[in-house]
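All remarks here apply to the structure that follows.
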Amino acid sequence: LERALVDAVKVGPVNKGDPVALVGNSGYPGCSTGPHLHFEIRKNNSWTDPAGYLSSKNVIDEQGGGNRNIGSGSWDWPLADTIRLTQHFGKTPYSWRYAYSGGIHTGFDMVSTSSEVVRAPKEGTLYSSSQPCGGSSIIKIKYIDHGDGVLSFYLHVQ
């Protein structure tokens, strides 16, 4: 994502709830295993658990099993209900793969059963980037600068 920060094109201001992308599978096969949204928060350039920013919501927790309430912040979730959370932030059954992050999953992986539209969870300035990923694959990335050192990232988008 460091290159995405340097090479990104400024799209412009977005308001909470504005569409910013569509869920995709960009980066396949080297950096994506199927259509989903990788949603990531960075505060002062450090990976941060998105649950502290997102509002409380009942989601289908595929990693933990069953339905679970996740979130303690005030931001909207970037996808509409019903959300299937397929991978959490931190140490996960698959995070050993992520050498770049020291073996932690740097965000939430999710899909919606009702919509592919990714919406801004909070206002800010939207940027767009495409980066090489896993050989010949290209990953499409959007991110929003929310100010105060907080960025939200949206990976694998169409």
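The values are calculated or read from the model by the stated rules, or taken from the named source; none is laboratory data. All of these numbers come straight from a predicted model, not from anything done at the bench. Cβ sites come from the backbone with ideal geometry, for glycine too, and all protein chains shown count toward neighbours. Accessible surface is based on the protein model in full, side chains and every heavy atom, while ligands, DNA and RNA are left aside. Shrake-Rupley method; radii C 1.70, N 1.55, O 1.52, S 1.80 Å.
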With the condition kept exactly as written, say whether any residue in region 147-154 is touching a Phe, Trp or Tyr at 6+ places or on another chain (Cβ under 7 Å), surrounded by 13 or more Cβ atoms within 10 Å (Cβ to Cβ), at negative phi and of a type in the set (Phe, Trp, Tyr).
yes
So if I check each of ASP81, ASP61, ASP76, which one is open to solvent by 70 Å² or more (accessible area, probe 1.4 Å) and in contact with a Lys or Arg (Cβ under 9 Å, 6 or more places away or on another chain)?
ASP81
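Has region 29-46 got any residue that is over 22 Å from LYS140 (Cα atoms) and either open to solvent by 30 Å² or more (accessible area, probe 1.4 Å) or touching a Gly at 6+ places or on another chain (Cβ under 9 Å) (or both)?
Taking region 29-46 first, the residues over 22 Å from LYS140 (Cα atoms) are 44.
Checking which are either open to solvent by 30 Å² or more (accessible area, probe 1.4 Å) or touching a Gly at 6+ places or on another chain (Cβ under 9 Å) (or both) leaves us with 44.
So far as region 29-46 goes, yes, one or more of its residues are over 22 Å from LYS140 (Cα atoms) and either open to solvent by 30 Å² or more (accessible area, probe 1.4 Å) or touching a Gly at 6+ places or on another chain (Cβ under 9 Å) (or both).
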Among the residues of region 6-26 satisfying the criterion of being farther than 20 Å from ASP109 by Cα and out of contact with any strand residue (DSSP E or B) (no Cβ under 7 Å at 6 or more places or on another chain), which is surrounded by the fewest Cβ atoms within 10 Å (Cβ to Cβ)?
VAL6
Strands (runs of 3 or more DSSP E) contained entirely in region 1-116, each with at least 3 residues that are over 14 Å from the mean Cα position of the chain (by Cα):
9-14, 57-61, 67-70
Residue pairs meeting the criteria (Cβ under 7 Å; at least 6 apart or on separate chains; first touching a residue at least 60 places away in the same chain (Cβ under 8 Å), in region 78-90; second surrounded by fewer than 20 Cβ atoms within 10 Å (Cβ to Cβ)):
PRO78/ARG119
Among (1) under 21 Å from ASP145 (Cα atoms); (2) among the polar types (S, T, N, Q); (3) part of a loop (DSSP other than H, G, I, E, B); (4) out of contact with any helix residue (DSSP H, G or I) (no Cβ under 8 Å at 6 or more places or on another chain), which single condition is THR125 missing?
(3)
